[in-house]
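**Q** Sharing a structure here in structure tokens format.
The values are calculated or read from the model by the stated rules, or taken from the named source; none is laboratory data. Since the structure is predicted, the reported quantities are computational estimates derived from the model, not experimental observations. All Cβ positions, glycine included, derive from the backbone under ideal geometry; neighbour counts span all protein chains shown.
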Amino acid sequence: MEPIRKVPRGGVMMRWQWILVAGALALAACERGHSPSVQAPLAPGDTVAAMTARQRTTSALPGSQGALLLSIDDITRGQVMASVMMRDGITIAGRRSIRPGDLMRFDHAGRHWEVRLVALQNALVGDDYAQFEVAVSTRIPPPLVVDDRARIEQLISRIEQRGDLVFIRSSKEHSGAEAAAHLRRKWKAAGAPAMDIGTFIDRIGSRSETDGTEYQVRLLDGRTVSAREFLRGEQAAMDR
């Protein structure tokens, strides 16, 4: 029977010191702003991958070889502002507030992309983070035939239900229900003309016809954005 070998106390201490040093270096790398995202690999074709990103970061979408970047802001009250842009800064999926279950769709380089927010997590230590599911298909779906009037009414109904936001028109604050009623009256006064939802947003929903002042929306995090930006985000949410 071989005798039991004693490990020198100094050797054990050195091992623990190396472990602590490695952990400190890893933490420092995160604090310096290196890419915080955790990505599952994405193969060509019809594929799905998972992606996790910390708040206030910009990370490459899996499968894009760094050509597409997902940017998220602070995670606040169950939502986060998000956008997808190309490496040169051109936005291809507009900046908007999304909640778990919301989807951003766009086509790029002959492929159809869908980025779904799966969950928002509040970390006990460190930054909060978001979990996404990224789906890529080589088959770009054909454009949908839509009922423009129904989509405009759906957009107005979404505004009507947003009792958590403040809608600002001519320096006066209004509830979601009041803002929706105003847009319906304005649309009707214009004769409810046939138009697509984008034209409705630009002509009816974005500014005053009296003085040209832009409508604004105060979000849950206290920021104020133009009504056009907010309504475009709601339009994108309807398309998911």
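**Q** Among the residues of segment 221-239, is any over 27 Å from V118 (Cα atoms) and either over 22 Å from the mean Cα position of the chain (by Cα) or buried (at least 17 other Cβ atoms within 10 Å of the Cβ) (or both)?
**A** no
**Q** Also, quick follow-up: What number of residues within segment 194-240 satisfy the criterion of being in a helix (DSSP H, G or I) and of a type in the set (A, V, I, L, M, F, W, C)?
**A** Result for segment 194-240: 10.
**Q** On to the next question. Can you find even one residue in segment 172-193 that is out of contact with any Phe, Trp or Tyr (no Cβ under 8 Å at 6 or more places or on another chain), in a helix (DSSP H, G or I) and closer than 23 Å to L103 by Cα?
**A** Scanning segment 172-193 turns up no residue that is out of contact with any Phe, Trp or Tyr (no Cβ under 8 Å at 6 or more places or on another chain), in a helix (DSSP H, G or I) and closer than 23 Å to L103 by Cα.
**Q** Please state which one of D88, D128, D46, D102 is surrounded by fewer than 18 Cβ atoms within 10 Å (Cβ to Cβ) and modelled with pLDDT of 85 or more.
**A** Sole residue among the options that is surrounded by fewer than 18 Cβ atoms within 10 Å (Cβ to Cβ) and modelled with pLDDT of 85 or more: D128.
**Q** Let me ask something else. Report, ordered by the first and then the second residue, all pairs with beta carbons closer than 9 Å, sequence separation of six or more or different chains, a first member in segment 157-175 that is closer than 25 Å to T210 by Cα and in the same structural domain as K186 (by TED's automatic domain parsing), and a second member that is among the acidic types (D, E) and not in a helix (DSSP H, G or I).
**A** Correct list of pairs: V166/E173; F167/E173; S170/D211.
**Q** So which of L155, L69 ends up being at pLDDT 90 or above, under 18 Å from the mean Cα position of the chain (by Cα) and either not polar (S, T, N, Q) or not in a strand (DSSP E or B) (or both)?
**A** Selected residue: L69, the only one of L155, L69 that is at pLDDT 90 or above, under 18 Å from the mean Cα position of the chain (by Cα) and either not polar (S, T, N, Q) or not in a strand (DSSP E or B) (or both).
**Q** I'd like to know if segment 186-193 contains one or more residues that are surrounded by 14 or more Cβ atoms within 10 Å (Cβ to Cβ), modelled with pLDDT of 90 or more and aromatic (F, W, Y).
**A** no
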